[in-house]
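Written below as structure tokens is the structure these notes are about.
Derivation of every value follows stated rules applied to the coordinates shown; laboratory data play no part. The model shown is predicted, which means the values in this text are computed figures rather than measured ones. When we count neighbours, we look across all protein chains shown, and the Cβ atoms used for this are built from the backbone with ideal geometry, even at glycine.
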Amino acid sequence: MANILVIDDNLDICQLLDRFLTKKGHQVQTTISGKTGLEYVKKSNFDLVFCDFKLREMDGREILQKVKEISPSTQVIIITGYGDVKIAVEVIKNGALDYITKPLIPDEILMLIDRSLAINQQGRNYTATFSEAKTTSQAKNQVTHGSDTSYLRGVGKESKKLYRDIELVAPTNLSVVIYGESGAGKENIAKIIHEQSPRVGKPFIAIDCGALSKELAGSELWGHEKGSFTGALTDKIGQFELADGGTIFLDEISNLSYEIQIGLLRLVQERKLRRIGASRDKSIDVRILVASNEDLRKSVQEGKFREDLFFRFNEFSITVPPLRERKDDIEAFSRYFLEKANKELNKDFLDFDPEVIEVFQNYDWPGNLREMRNVIRRGILLSSGKVVTLLALPPELVYAQKFNFKDAEGEEKQPDFKTKSSSSLKSAAAGAEATVLRKILEEVKYNRTKAAAKLGIDRKTLFNKMKQYDL
């Protein structure tokens, strides 16, 4: 059972989530005010906060920052419209666990809650003794922050170049800077480097630096002794100590404070660390991989990142191409996420409709692999039968494809969603769905049986939608 806070200025969504999650056995507190929500966080220990990004008083970005300052262990999931994917990716970089798009899907909500509870439980395990922590570190190794793309491998030209670089550096003990956009799979690349190194079989620990609060970052990384500060009720083993003998991956390294960078430089130079409150150093043997979605050289020039630390890390660099530049990998990645979602959701979908793959190939994927994972997971939840169909995709994604819709004269024509309520996401979604339906119906010459089969819906549903959109 989780203790959950819902912050959304739409009262209907608050009430919907309250009823649904309470029936599932969770404790739920809701509010339509961001400021009130933050007061709740100060007074109660929440496992998870669902927060709408667009609030009247403050946005989800500000809520996330303040929640993490008040309660670093509380996970935050941002609720967005599909058109806000770029914003959602940004807040994940800054420490959100994940994002969920409207309309909300019950199974997806429950899956995110389970994931949040698993991460929190593994975090609590770190207060155990050293031997216990060594035992549980393998479980922690599988925990990722907003990304879960273990063993994902591409097959295209860009991927082959990427893997050649990995094969060169993996067997060495060099530190590596991994560049790439948010959601591009930087942690996945770090895992592959670890698995192809002599350290395979030893711990691999991933740290999202954007999720570390300034106050507790030192304790999380180096550990602390009991009584070393207010609230230090037990000894805590830091992440570097847990990773001893293996590999540690520091994602979004530029988010670390200057003070933590100084401690990190000492560790890199001397291969020693000292827990907060301890009187002795401890020798440490760990390979460090770091990642950033911006050029660290620029951060150095702006005074945000220490130049000496940059040179220590920059022994080798790898750039992970964004998904829009890996078109040859789209189908392979799609099938990987289909298989993974089947396992997560206990489904047995076999394939995608060919037009779904066409949509995927043409889309720019601003959220990269993370966005693809979410789209496919939602597609499975919204599809019937054994094939993910076009109607199960977010309408805005389908609209973005700019299919070669043609009018009666054969001229290319883009869908027109401009209505009296064109600013409404629902209006845009309905317009996109109508366009997709019209295209399929034209392809099968308005044979309803064929159209329903192609769309993965029954004839009655198709008839109702045709009536709804005056088709």
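In whole Å, how far is the Cα centre of region 236-269 from that of region 33-88?
If you average the Cα positions of each part, the centres end up 27 Å apart.
Nearest 0.05, what FRET efficiency do residue 362 and residue 384 give at R0 = 22 Å with Cβ-Cβ as r?
Given R0 = 22 Å and the Cβ-Cβ separation, E is 0.30.
Mind listing P(r) for the chain? All alpha-carbon pairs, 20 Å bins, whole percents.
Taking all Cα pairs of the chain, the binned fractions are 22, 53, 22, 3, 0 percent.
Cross-link candidates for residue 23: which lysines have Cα within less than 23 Å, leaving aside residues fewer than 8 places away along the same chain?
102
For a quick check of your reading of the filter: which GluC sites (Glu not before Pro) in region 191-282 sit in a DSSP loop and have no more than 16 other Cβ atoms within 10 Å?
Listed in order of number, the matching sites are 215, 225.
Would you work out the charge dipole size for the chain about its Cα centre, treating the Cβ of every Lys and Arg as +1 and the Cβ of every Asp and Glu as -1, and quote it to the nearest 20 debye?
660 debye
Among 453, 283, 367, whose Cα projects farthest towards the positive end of the dipole of the chain, with charges put on the beta-carbon of Lys, Arg (+1) and Asp, Glu (-1)?
Ranked along the dipole, the leading option is 453.
List every residue whose amide H lies under 5 Å from the amide H of residue 28, counting only residues 5 or more places away in sequence or on a different chain, with H placed 1.01 Å from N in the peptide plane.
4
Mind running the shape call on region 238-346? Use the C-alpha gyration tensor, a ≥ b ≥ c as the square roots of the eigenvalues: rounded below 1.5 for a/c, prolate if a/b tops b/c, oblate otherwise.
Taking the square roots of the gyration eigenvalues as a ≥ b ≥ c, region 238-346 is oblate.
Calculate how steeply helix 186-195 sits against the longest principal axis of the alpha-carbon atoms of the chain, using the helix alpha-carbon long axis, and give the answer as 0 to 90 degrees to the nearest 10.
60 degrees
For region 431-471 and region 172-187, what is the separation of their C-alpha centers, rounded to whole Å?
Each part reduced to its Cα centre gives a spacing of 44 Å.
Measure nothing but the geometry: give the 0 to 90° angle between the long axis through the Cα atoms of 60-70 and the longest principal axis through the Cα atoms of the chain, rounded to 10°.
Compared with the principal axis, the helix lies near 30 degrees.
Less than 18 Å apart at the alpha-carbon level, and either on another chain or at least 8 residues along: which aspartates and glutamates does that give for residue 343?
107, 108, 114, 148, 351
To the nearest 500 deg cm²/dmol, what mean residue ellipticity at 222 nm is calculated for the chain from DSSP H runs of n ≥ 4 alone, each contributing -39,500 (n - 2.57), summed and divided by the residues?
-13500 deg cm²/dmol
Once you have a ≥ b ≥ c as the square roots of the Cα gyration tensor eigenvalues for region 3-119, tell me rounded if a/c is under 1.5, and otherwise prolate or oblate according to whether a/b is larger than b/c.
Rounded, since a/c falls under 1.5.
Return the lysines within reach of residue 236: Cα separation strictly under 22 angstrom, same-chain partners fewer than 8 residues apart disregarded; answer none if there are no such residues.
In chain and number order, the partners are 68, 134, 140, 202, 214, 226, 272, 282.
What is the gain in length, in nm to one decimal, between residue 86 and residue 316 on full extension, counting 0.36 nm per residue of separation less the C-alpha to C-alpha distance?
Residue separation times 0.36 nm, minus the Cα-Cα distance, leaves 79.9 nm.
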